[in-house]
Amino acid sequence: MRDMTQGKPLRIIFSFAVSLLAANLMTALYSLVDSMMVGRLVASEGIGAIGATGNIIGVANSLGGGIISGFGITLGRYWGAGQKDKLHRVMANIWYLTTAMSLLLMVTVALTLRPMLRLTHVPEELLPMALDYTYIVVYSMPLSLFGGVLGTAFRSLGDSKTPLLTSLVGGAANVGYNYLFMRVIPLGIAGAAVGTALSAGTSLLLNLFFFFRRLPMLWVRRADARPLFGEMGRLLLVGVPVGLQNSITSISSIILQDAINRQGMAAVTGVATGNKIVGMIWVMIATIETTLIFFAAQNRGALEVGRIRQGMRETAFATLAMMAVITLAVDLLGERLFVPFVGHDEVLLSIAADMVRTQLWFFPFMVMLSMLRGTVQGMGHTAPAAICGVMELTARFVVSRAAKTLRALYFAGPAAWVLTTLFLVVLYPVLLRRLYRRVEDEKRLRALSASAAADKSPENAESTVTV
């Protein structure tokens with residue numbers, strides 16, 4: 001476990017982020033390999049089928065994953081404050097909430113999937129493949145969410161290496177499962193979904209193994225196993241706004257996907273292909289955002305507000321420099337990036353490359369959005385995350401409805417990034433000043449409590465009697 005309240009902030013953040021980034025990049029890389037295998041072993045339309053349904057599944061995963069990330073903020077604050085006796089009780093209630101949430105999401109998505117695909121105008125040619133793939137992924141959703149709880153538990157206590165190991169093994173297994181169920185046992189696109197489900201189960205088992213070996217401070221003891229609705233309410237108060245922000249963003253992506261679906265099958269497949277590269281870049285930025293959440297949460301618990309401000313500022317500059325290099329490289333490579341997915345189809349290559357080039361130049365706004373949002377959430381202000389989600393939804397809705405061409409739709413995401421970044425740039429210093437004042441009050445209360453405890457200690461009592 002790692003204490004993120006000591007040492008140089010930038011070094012700690014990037015040291016933690018390296019393992020997390022490697023895990024997320026490998027997961028994204030395995031997803032790319034999956035898409036390549038689907039495109040080559042099934043059909044190039046399979047990429048479009050997965051892309052057309054991905055946002056629907058993304059709403060449920062974003063909601064559940066966001067709430068779980070919010071749970072991690074609570075764990076991180078207790079860990080940073082040194083209140084380790086409370087971790088057992090909190091973890092027990094996290095398990096109860098995750099069980100109920102995973103079952104509710106699974107049933108809800110399974111019942112609404114078919115009408116949602118119709119509502120978002122998924123092309124009829126893609127509908128059978130989309131259903132074959134998505135139902136299997138939906139029924140395996142609890143495996144992913146429980147694995148997410150364990151990964152968040154490790155990261156909230158400063159360990160990003162263990163989730164890296166489990167992600168690497170699970171991702172490698174995913175490629176093997178996909179080859180087995182698409183090539184050896186030709187299940188078509190359903191084979192990719194089976195592989196995804198089995199890899200989630202593999203990662204979950206590994207996470208459980210390491211959880212019981214390395215995190216005894218989070219084991220649920222008999223004395224802590226009773227459900228506490230007050231504790232659940234506090235967890236949800238932090239987690240739900242984060243989940244809402246993530247899910248609202250996914251809903252806005254569904255609105256955008258609907259507009260893309262109306263452009264025809266070539267547009268669906270081309271944009272889905274471009275999103276594979278954009279998704280890889282987004283993984284890098286989101287990884288640092290997640291790291292800032294845990295860094296800010298631990299330092300908030302330790303009342304180290306200055307470290308939070310310093311960590312966010314230094315990380316933002318470093319990430320912007322990294323994005324400048326990536327943007328230049330992707331722009332120079334152009335259409336060659338997408339040949340492994342769709343071969344040499346000129347129409348699809350042109351759509352994918354044009355979309356990525358258009359959005360790349362707006363990624364500095366995405367960087368600042370992520371840095372500010374992660375820091376604000378870790379400080380304990382999760383409501384702004386939900387507001388950001390609403391703003392993203394509004395921006396994507398307006399652009400998707402106003403756009404008359406496919407190229408105009410490429411600006412829906414950038415419009416959302418610019419709008420929410422401006423909002424957080426104004427809000428962040430206000431929240432920071434408020435936190436400084438609150439922390440000063442908490443420090444005085446802790447000092448008074450420590451003084452009172454010292455006065456009541458046996459040593460002081462004995463000296464008083466002697467006098």
The equivalent-ellipsoid semi-axes of segment 73-135, taken as the square roots of five times the Cα gyration tensor eigenvalues and listed largest first in whole Å, are 41, 12, 8
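Using the Cβ atoms and a cut-off under 15 Å, what net charge is assigned to the surroundings of residue 361, where Lys and Arg are +1 and Asp and Glu are -1? Display every interim value, and only then the final one.
On the way: positive: 357, 407; negative: 331, 354.
So the environment of residue 361 carries a net charge of 0.
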Net charge of neighbours whose Cβ lies under 15 Å from the Cβ of residue 165, counting Lys and Arg as +1 and Asp and Glu as -1: +3
The value for the chain (convex hull of the alpha-carbon atoms, volume per residue, Å³) is 140 Å³
Packing-ranked peptide list from 360-366, 117-123, highest mean Cβ count within 10 angstrom first, is 360-366, 117-123
Express in nm, to one decimal, how much length is gained between residue 83 and residue 344 on full extension, taking 0.36 nm for each residue of separation and deducting their alpha carbon distance. 88.1 nm
Please compute, over every Cα-Cα pair in segment 118-268, the percentage with a separation greater than 26 angstrom. 46 percent
Please give the net charge around residue 436, taking every other residue with its beta carbon less than 12 angstrom from that of residue 436, where Lys and Arg add +1 and Asp and Glu add -1. +3
Give the accessible surface of segment 223-277 per residue, rounded to a whole number of Å², with probe radius 1.4 Å and ligands, DNA and RNA excluded. 38 Å²
Listed peptides 173-182, 213-222 by packing density, highest first (mean Cβ within 10 Å): 173-182, 213-222
Probe radius 1.4 Å, ligands and nucleic acids ignored: give me the carbon and sulfur share of the accessible area of the chain as a rounded percent. 66 percent
If you average the C-alpha positions of segment 127-193 and of segment 228-287 separately, how far apart do those two centres end up, in angstrom? 18 Å
P(r) over all Cα-Cα pairs of segment 386-442, 5 Å bins from 0 to the longest distance, whole percent per bin, short to long, reads 4, 19, 20, 15, 12, 10, 7, 6, 4, 3, 1, 0
For peptides 320-326, 386-392, sequence by mean Cβ density within 10 Å, most packed first: 386-392, 320-326
Give the cross-link partners of residue 8 among the lysines, using a straight C-alpha distance below 21 Å as the criterion and excluding same-chain residues fewer than 8 apart. 161
How big is the gap, in Å, between the Cα center of segment 401-436 and the Cα center of segment 288-306? 23 Å
Taking a probe of 1.4 Å and leaving out DNA, RNA and ligands, segment 83-145 shows per residue an accessible area in Å² of 47 Å²
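The values are calculated or read from the model by the stated rules, or taken from the named source; none is laboratory data. Please read these numbers as outputs of a predicted model, since none were measured by experiment. Positions of Cβ are backbone-derived with ideal geometry, glycine not excepted, and every protein chain shown enters the neighbour counts. To get the accessible areas, we keep the full protein, side chains included, count just its heavy atoms, and leave off ligands, DNA and RNA. Shrake-Rupley method; radii C 1.70, N 1.55, O 1.52, S 1.80 Å.
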